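A short write-up of the structure that comes next.
The values are calculated or read from the model by the stated rules, or taken from the named source; none is laboratory data. Here the structure is a predicted model, which is why all the values come from computation and not from measurement. Virtual Cβ from ideal backbone geometry, glycine too; neighbours counted across all protein chains shown.
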Amino acid sequence: MLLLALLLLSLLAAARLLWGQWRLRPLHLPPRVPGLLHLRQPDLPGHLLGLARQFGPVYRLRLSLQEVVVLNSKRTIEDAMIKKWVDFAGRPRMLSYKLVSPAEQDLSLGDYSPLWKAHKKLARSALLLGVRGSMEPLVEQLTQEFCERMRARAGAPVDIQREFSLLTCSVISCLTFGVKDAATVRPIHDCVQELMRTWDHWSVQILDVIPFLRFFPNPGLQRLRRAMRTRDRIVEQQLRRHKESLVPGQWRDMTDYMLHGVWKQSAEEGAGQLLEGHVHMAVVDLFIGGTETTATTLSWALAFLLHHPEILRRLQEELDRELGPADPGSRVPYKERARLPLLNATISEVLRLRPVVPLALPHRTRRPSSIFGYHIPEGTVVIPNLQAAHLDETVWEEPHEFRPDRFLEPGAGPGGLPFGCGARVCLGEPLARLELFVVLAHVLRAFTPLPPAGALPALQPQPWGGINLKVQPFQVRLQPRDHPGPGARQ
Ligand code: HEM
Ligand SMILES: *[C@@H]1O[C@H](CO)[C@@H](O)[C@H](O)[C@H]1NC(C)=O
């Protein structure tokens, strides 16, 4: 009986596949890369770039069972995401997405629709209008507190990725909820970590390939569900607290701002209704999108600087020159960052070489389109390989070398596309760029990062686990420099 059912299922699947191919027959589709096991590559973005050398910048291949189109150059990515953004702004509907957002009110994973557009606009204004004024002083203050904590460690080895992710999580907690005490931030941080760990786990990711496995006992899935219950409890508690103390027409943080936005629009007619559930999921996205990404980029920056002490020295000279060594309170406002060109170039170079979300999130075409002369049918899953664009030999000289000076040379173009582009561009880019600048400026001015016992960190990322380009765990000694840095007490 079971055998018969399986046979029937495979026949149906084969028929669907053949029918699909027959239907697309007259189209000029991108070349197809053979093979089924691409997803198992330990360096998937690099592997996909390698295939581009053979098949050109646009090709089709099977990732798990799904056929996807991969874009491997800046030109093709910008063509799709900016020029033809209306066609390419969708997201695939996958079971693992639905698992973490059962009501489908998520922003990052939500498919494109007029309601989604209103959702993104609300979250974006919450960041860019709602908390614009407090963003820089806040990042500044939390970074100074971070430096004081590091100073107390007096150059002992620290697990820097963890310290940075606590810092970036407290930035988001402050902007979103207006809280920064460790007793509140720590559980949020641990919950975010647990959510990312469990969602990335193969026992959950395999459900996208073989959906009916969800009906079988699955400890990984249970763990994800537990983490989600914690997540929802934390967010609901904060939403309740905010609603109870909300003053009409005023907002203290992004949650207030978004709640106002949701209530205000009920008067107007439009593209469906944004609900409190949308605020809930936007908050989740801010934490998921904004914690590990920025923290990992900061860790990559230190890892590269440990390997390149000459750049570190020049950065510290630049900081000393612009800030003056004597005054511990002096700072360079973010809008005057052009005064620190080497720091700016270093950040661009780190984001180029290690774009933490190297394959962005998968897109899906909402209607038939074309790229690079190839037809792209409606409903195609499209992966922008941002890392490939950053390592393109026809654009970058010695693309694998860490060379911030490439951005200082006359005629140097803009950086890569580490935040994606177009309708789906990273929501947190302005915040992330501010954090990278402020944190590195303060840390490098106050400390000299040194490898513990001369052990340099690995520059190879961890084996590919989906979504983030993770740094291999490493420790660093933050040796206080002899002049008092920011936050030092005299
Ligand atoms: C260095 C830090 C960061 C990098 C490199 C980065 C990169 C990216 C990339 C590549 C995407 C996908 C774009 C696409 O699908 O085409 C993305 C999406 C997103 N990011 Fe970031 N990100 C960073 C920090 C942040 C921060 C700080 C936040 C929140 C405060 C954030 C929130 C989001 C959200 C909500 C999305 C989904 C946008 C959408 O679907 O329209 N990210 N990010
Ligand atoms: C920072 O560097 C990037 C990449 O070279 C450049 O496009 C940008 O204009 C620079 N920003 C400032 C403020 O100098």
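Quick notes on this one:
- Among the residues listed as Arg226, Arg186, Arg231, Arg151, the single one being touching a Cys at 6+ places or on another chain (Cβ under 6 Å) and away from ligand 2 (no atom under 16 Å from the Cβ): Arg231
- Residue match in segment 324-335 (condition: free of Cβ contacts under 8 Å to residues at least 60 places away in the same chain and within 16 Å of ligand 2 (Cβ to nearest atom)): yes
- Just one of the listed residues (Leu431, Leu440) is within 13 Å of ligand 1 (Cβ to nearest atom), farther than 25 Å from Met81 by Cβ and not charged (D, E, K, R), namely Leu440.
- Of all residues in segment 406-418, at least one satisfies being within 13 Å of ligand 1 (Cβ to nearest atom), modelled with pLDDT of 95 or more and not small (Gly, Ala, Ser).
So that you can scan it fast, the table gives a plain yes or no per residue for (1) at pLDDT 95 or above; (2) more than 21 Å from the chain's Cα centre (by Cα); (3) more than 30 Å from His260 (Cβ to Cβ):
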residue	(1), (2), (3)
Leu122	yes, no, no
Arg153	no, yes, yes
Cys169	yes, no, no
Lys180	no, yes, no
Leu195	no, no, no
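- The helices (runs of 4 or more DSSP H) located wholly in segment 188-292 that include 2 or more residues which are surrounded by fewer than 18 Cβ atoms within 10 Å (Cβ to Cβ) and among the basic types (Lys, Arg) occupy 219-244.
- Subset of segment 1-31 (residues that are at pLDDT 80 or above and surrounded by fewer than 12 Cβ atoms within 10 Å (Cβ to Cβ)): His28
- Which listed residue is hydroxyl-bearing (Ser, Thr, Tyr), outside any loop (DSSP other than H, G, I, E, B) and surrounded by fewer than 21 Cβ atoms within 10 Å (Cβ to Cβ), from Thr448, Thr394: Thr448
- Looking at Arg352, Arg366, Arg321, just one residue is within 16 Å of ligand 1 (Cβ to nearest atom) and assigned to a helix (DSSP H, G or I), and that residue is Arg352.
- Filtering segment 375-390 for residues that are more than 15 Å from ligand 1 (Cβ to nearest atom), in a strand (DSSP E or B), crowded, with 20+ Cβ neighbours inside 10 Å and modelled with pLDDT of 95 or more leaves a non-empty set.
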